[in-house]
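A.B. asks: Take a look at this one; I'll ask things after.
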Amino acid sequence: MGTLESGALAVPGARLYFEVRGTGPLLLLIPGGASDAEVFRDLADELAARHRVVTYDPRGISRSPLDGPPPEPWLATQADDAARLLDHLAPADEPVRVFGSCAGALIALELMVRDPGKVRLVVAHEPPAMGMLADAARHAAFFDDVHATFRRDGVAAALDRLQAVFSGRPAPALPEATANTRDADVTHNADNTYNADNNAFFLSHVMLPSTRCVPDVTALAALADRVVPAGGRGSRTHDVHRPVVVLARRLGRTLEEFPGGHVGYAQHPASFAEQLAALLADADADTQPSRG
C-alpha cells in the first residue's frame, strides 16, 4: 500500500473528500450508486504500487457534504466535480487514466468527451445507460416505480425492488465510510449543509438521472481506441450489464470482462487490480512513439 493522503476540495455547492495513494501515472477511480471512496480501498491499495491512485466521495455521499442544492443536472455536475479534482491534483499537461463503475462509468465517459487531451484512457465498467437498450421505456418505468416505492415505503423497500436489475439478487455488502443515517432522506440544516443516508441520497438524486443517461456515442466513436467497455463475468445475465454490451458494439470495441459481477473490484480486488493494471500498461505502450 502507498502512503495515504487525504483532503477536501471546495467546489460550487459542496466539498469533495478525496484520498491519494501511491506514485506513478495518475489513475482516478469513480464509484457509482451509493458508494464512496471506501468501496475502492482494497483495489486502490493493490494498484498503488504502479499508479498514483485517486478516490473520492461524490457530492452528497458520506464525507462530501453539500452546502447547496442537490446536483442538477446530475451528469454535468458530477463531471465538473471530477474535472476540478483532476485539475487540483494533476499538472495541466499530465494525462490521466479513469476507471468508473456503474454511474461512475457515465461520469468517466463524459470526462473523455469533454477533455480527450487530458484523459488518456477510460475503463467504463457497466454504466447503467438503460436508455441505450431497445426496451428503454420498460426500464424507465421500472426505475420510476422504484423511486415511487422509495417515496412511499422507504429505503429498504426500494432497494428490495431494485434487485430485479441484478437478477433478483440482493446487493452485496460493500465497504463504506461512516455516513449520517439519522434521517430517512436528505435534511437541509439551519447551517445550510445537508445530511443524508447514502442509499436515500442515491434513490433521491442519482438513480433516475443516471439510468436515463445516454453517453455521447458519436463523440466517443472518434475516441474509441481510448475507451474500454467493461463488465463482470458474474453479471453477464443481469440487466445492469446489458448497456455496456450495446456500448461496446456501437464503438466497435471488444468487451473487457473482469472478475466478479457488478462490484467485482470490491469482491476480488487483487485479481481485478492485476487485470486493470495490465490493461493500463498496454494502453500506455500503445501511445508511446515508435523508435526508429
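The values are calculated or read from the model by the stated rules, or taken from the named source; none is laboratory data. No experiment lies behind these values; they were computed from the predicted model shown. Cβ atoms come from the backbone with ideal geometry, glycine included; neighbour counts cover every protein chain shown. Areas reflect the complete protein model, heavy atoms only, side chains present, ligands, DNA and RNA absent. Shrake-Rupley method; radii C 1.70, N 1.55, O 1.52, S 1.80 Å.
A.B. asks: Only residues that are crowded, with 23+ Cβ neighbours inside 10 Å and either without any contact (Cβ under 8 Å) to a residue 60 or more places away in the chain or of a type in the set (A, V, I, L, M) (or both): list them for the range 78-102, please.
C.D. replies: The answer is GLN78, ALA82, VAL98.
The rows are residues; the columns are (1) part of a loop (DSSP other than H, G, I, E, B); (2) within 15 Å of the chain's Cα centre (by Cα); (3) small (Gly, Ala, Ser); (4) buried (at least 24 other Cβ atoms within 10 Å of the Cβ).
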{"position": "ALA10", "(1), (2), (3), (4)": "no, no, yes, no"}
{"position": "GLU19", "(1), (2), (3), (4)": "no, no, no, no"}
{"position": "THR23", "(1), (2), (3), (4)": "yes, no, no, no"}
{"position": "LEU29", "(1), (2), (3), (4)": "no, yes, no, yes"}
{"position": "SER35", "(1), (2), (3), (4)": "yes, yes, yes, yes"}
{"position": "PHE40", "(1), (2), (3), (4)": "no, yes, no, yes"}
{"position": "ALA49", "(1), (2), (3), (4)": "yes, no, yes, no"}
{"position": "PRO58", "(1), (2), (3), (4)": "yes, yes, no, yes"}
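A.B. asks: Okay, next question. Against the definition (over 13 Å from TYR17 (Cα atoms), modelled with pLDDT of 95 or more and β-branched (Val, Ile, Thr)), how does THR77 come out, yes or no?
C.D. replies: On the way: over 13 Å from TYR17 (Cα atoms): yes; modelled with pLDDT of 95 or more: yes; β-branched (Val, Ile, Thr): yes.
For THR77, the condition - over 13 Å from TYR17 (Cα atoms), modelled with pLDDT of 95 or more and β-branched (Val, Ile, Thr) - is met.
A.B. asks: Which residues, taken from the range 152-191, are at pLDDT below 70, open to solvent by 70 Å² or more (accessible area, probe 1.4 Å) and not hydrophobic (A, V, I, L, M, F, W, C)?
C.D. replies: If the condition is that a residue be at pLDDT below 70, open to solvent by 70 Å² or more (accessible area, probe 1.4 Å) and not hydrophobic (A, V, I, L, M, F, W, C), then THR178, THR181, ARG182, HIS188, ASP191 are the ones that fit.
A.B. asks: Separate question: Within the range 40-60, work out how many residues are β-branched (Val, Ile, Thr) and out of contact with any Gly (no Cβ under 9 Å at 6 or more places or on another chain). Give the derivation first.
C.D. replies: Just the residues of the range 40-60 that are β-branched (Val, Ile, Thr), to begin with: 53-55.
The next check asks that each one be out of contact with any Gly (no Cβ under 9 Å at 6 or more places or on another chain); those that pass are 54-55.
Going through the range 40-60 one residue at a time, the tally reaches 2.
A.B. asks: Those residues that are open to solvent by 40 Å² or more (accessible area, probe 1.4 Å) and not in a helix (DSSP H, G or I), I need them from the range 201-224; list them, please.
C.D. replies: Selection gives VAL214, ASP216, ALA222.
A.B. asks: If you don't mind, another one. Say we look at the range 258-284 and pick out the residues that are among the charged types (D, E, K, R) and open to solvent by 50 Å² or more (accessible area, probe 1.4 Å); which of these is nearest to the chain's Cα centre (by Cα)? Please lay out each step first, then the result.
C.D. replies: Residues of the range 258-284 that are among the charged types (D, E, K, R), as a first pass: 274, 282, 284.
Within this subset, residues satisfying the condition of being open to solvent by 50 Å² or more (accessible area, probe 1.4 Å) are 274, 282.
Numbers: GLU274: 19, ASP282: 22 Å.
So, considering only residues that are among the charged types (D, E, K, R) and open to solvent by 50 Å² or more (accessible area, probe 1.4 Å), the one nearest to the chain's Cα centre (by Cα) is GLU274.
A.B. asks: For THR149, which of the numbered conditions (1) open to solvent by less than 30 Å² (accessible area, probe 1.4 Å); (2) touching a residue at least 24 places away in the same chain (Cβ under 8 Å) fails to hold?
C.D. replies: The single condition THR149 does not satisfy is (2).
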